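The values are calculated or read from the model by the stated rules, or taken from the named source; none is laboratory data. Just so we're clear, the structure is a prediction, and the values are computed from it rather than from any experiment. Glycine gets a Cβ as well: all are built from the backbone with ideal geometry, and neighbour counts include every protein chain shown.
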Amino acid sequence: MSLDHLALFIVAGILLNLTPGPDVLYIVAHAMRSGARAGIVAALGITAGCFVHIFAAAVGVSALMAASATAFTLLKWAGAAYLVFVGLRMLLARAPAPGASIAINSIADGAGNTSATGLKRVFFQGFWTNVLNPKVALFFLAFVPQFIAPGTANKPLAFLLLGLLFNFNALWVNIGWALASAWLAGRVAAVQQRMHWLERTAGLMFVGFGLKLALTEQPAP
């Protein structure tokens, strides 16, 4: 790949990651409710989930899944169920005590703290939200090959390297979302006072993402 194409790949990837979606919503919700650390952990979980899709696509597993109606349907329903589960947890979480600090209240463990157990849950929820979403696998299969030259000798290796580069850039964008969200929540009193409504809104949107995923048809080969 020429430097021009590589620069285009990087810019396109950053712009895609700046676009709000389930991943960004997950990071923002945790950062605004629980602080920057929870948001960064959420970003790390989502990034780890993307690594699974990158390696799977590089060895052809994702291509096989895209071609198999059964595999696509099973993963689609598993992902939809998990998104709905995460959304319901947000909807049913207890509202924080009036005047409580954003750094203390946590949707991570539902116990009002950002303990190691709560952060671990935030990480793995982000991880599984990504892994169980076949649309993420199909995204990598559709996006990355456009930047691989037809005459490339080792296309799986090229795919892997570009996928890792995309994920590396995405991580810093997602951390930026976490830091910006935590900064905003820490300085706007109105946001802090209505934090539980933000969480419920995010939960409702996650349920909607899950239902939308359940209704997604397998793309034509």
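Looking at (1) buried (at least 16 other Cβ atoms within 10 Å of the Cβ); (2) at pLDDT 75 or above, find the lone condition where Leu138 falls short.
In the conditions (1) buried (at least 16 other Cβ atoms within 10 Å of the Cβ); (2) at pLDDT 75 or above, Leu138 misses (2) alone.
Considering only the stretch 146-170, how many residues are surrounded by 15 or more Cβ atoms within 10 Å (Cβ to Cβ) and closer than 14 Å to Phe55 by Cα?
10
Say we look at the stretch 26-37 and pick out the residues that are over 14 Å from the mean Cα position of the chain (by Cα) and among the aliphatic types (A, V, I, L, M); which of these is farthest from Leu165 (Cα to Cα)?
So the residue we want is Met32.
Can you spot a residue in the stretch 96-116 that is touching a helix residue (DSSP H, G or I) at 6+ places or on another chain (Cβ under 6 Å) and at pLDDT 75 or above?
Within the stretch 96-116, none of the residues are touching a helix residue (DSSP H, G or I) at 6+ places or on another chain (Cβ under 6 Å) and at pLDDT 75 or above.
To keep it simple, each residue is scored yes or no on (1) assigned to a helix (DSSP H, G or I); (2) among the aromatic types (Phe, Trp, Tyr); (3) buried (at least 23 other Cβ atoms within 10 Å of the Cβ).
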{"site": "Ile10", "(1), (2), (3)": "yes, no, no"}
{"site": "Asn17", "(1), (2), (3)": "yes, no, no"}
{"site": "Tyr26", "(1), (2), (3)": "yes, yes, yes"}
{"site": "Ala42", "(1), (2), (3)": "yes, no, yes"}
{"site": "Ala48", "(1), (2), (3)": "yes, no, no"}
